[in-house]
Amino acid sequence: MTDLRAGYSKNESERRQINSRANNILFEAKKIGFALHRGELKTAAERLEVVEADFKKLEENFGVTSLDEQGPYRAAAEEYVETKFLYLILNGEKLDKIKGLKLDETAYLGGICDMTGELIRYATNQAAGGKFEKVAEVKKIINDIMAELTDFDLTGYLRTKYDQARGNLRKIEQMDYEIKLRK
């Protein structure tokens with residue numbers, strides 16, 4: 001029983017450390033998203049580097065397998081992907097696998113689907129500022145993303161995310177339509 005108790009205690013300690021650090025990453029990724037919506041790209045880039053370093057430390061300390069078992073880590077990974085890809089899009093860069101981190105497909109797919117909602121928010125803010133051409137740009141980006149996502153047979157949790165992304169496509173189409181009607 002002593003070995004069992006020691007093993008359990010070690011696992012619980014690691015779980016608490018992972019969850020605490022993952023929650024910090026999640027919170028920071030959300031703050032980066034807000035910075036992006038304010039147009040603070042330099043601040044966002046600096047904060048993204050800090051988050052990426054935190055992910056690498058977690059991977060080194062606990063291993064990817066242990067991390068993937070923890071819900072808060074998975075949520076932080078998705079939020080990070082969402083924020084990183086929004087940053088890349090706003091900088092006119094191509095979306096691709098993030099180098100240096102070992103994130104699984106679920107983090108990428110969930111983050112991409114969620115990012116479409118952030119793009120809606122961005123487009124809405126741009127339209128409110130009179131930059132109506134940005135709405136058409138965002139519509140194209142979301143259209144391209146959805147065209148890629150239709151090749152996946154997403155089920156369960158990811159299917160729900162996909163359906164939300166599809167709803168975001170309808171929102172941007174409606175927004176673009178209404179702008180064109182008013183011109």
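Here, each number is a calculation from the coordinates, and none is a lab measurement. As the structure is a prediction and not an experimental result, all values here were calculated from the model. All Cβ positions, glycine included, derive from the backbone under ideal geometry; neighbour counts span all protein chains shown.
Per residue, the average separation of C-alpha pairs within less than 8 Å and at least 6 apart gives the chain a relative contact order of 19 percent.
Couplings 3J(HN,Hα) for the stretch 145-155, derived from phi with the Karplus relation 6.51 cos²θ - 1.76 cosθ + 1.60 (θ = phi - 60°), are 4, 5, 4, 6, 5, 5, 6, 8, 9, 6, 10 Hz, where x marks Gly and Pro.
Rounded to the nearest 10 degrees, the angle from helix 105-128 to the longest Cα principal axis of the chain is 40 degrees. Match the structure shown to one of the listed values (i) 1, 6, 13, 16, 16, 14, 12, 10, 6, 3, 2, 1, 1, 0, 0; (ii) 1, 8, 15, 18, 17, 14, 10, 6, 4, 3, 2, 1, 0, 0, 0, 0; (iii) 1, 8, 17, 20, 21, 17, 10, 4, 2, 1, 0 of P(r) over Cα pairs in 5 Å bins from 0, in percent, computed from it, and give that label. Answer label, from the structure shown: (ii).
Against the chain, whose longest principal axis is taken from its Cα atoms, helix 156-182 shows a tilt of about 20°.
Annotation for the stretch 1-89: GluC sites (Glu not before Pro) lying in DSSP loop with at most 14 further Cβ atoms inside 10 Å of their Cβ are Glu40, Glu69. For the chain, the mean residue ellipticity at 222 nm estimated from helices alone is -28500 deg cm²/dmol, where every DSSP H run of n ≥ 4 contributes -39500 (n - 2.57) and the total is divided by all residues, rounded to the nearest 500. Net length available on complete extension from Arg159 to Arg15 is 49.0 nm, with 0.36 nm assigned per residue and the Cα-Cα distance removed. The charge dipole of the stretch 100-142, taken about the Cα centre with unit charges on the Cβ atoms of Lys, Arg (+1) and Asp, Glu (-1), comes to about 220 debye, rounded to the nearest 20. Applied to the stretch 61-73, the Karplus parametrisation 6.51 cos²θ - 1.76 cosθ + 1.60 on θ = phi - 60° returns per-residue 3J(HN,Hα) values of 6, 10, x, 4, 4, 5, 5, 5, 7, 9, x, x, 5 Hz, with x for Gly and Pro. Using only the Cα atoms of the stretch 107-183, build the gyration tensor, take square roots of its eigenvalues as a ≥ b ≥ c, and label the shape rounded, prolate or oblate: rounded if a/c is under 1.5, else prolate if a/b is larger than b/c, else oblate. Prolate is the answer for the stretch 107-183, as a/c is 1.5 or above and a/b outweighs b/c.
Rounded, prolate or oblate: pick one for the stretch 1-103, where a ≥ b ≥ c are the square roots of the eigenvalues of its C-alpha gyration tensor, a/c under 1.5 means rounded, and failing that, prolate if a/b is larger than b/c, else oblate. Prolate shape, in that a/c is at least 1.5 and a/b is the bigger ratio.
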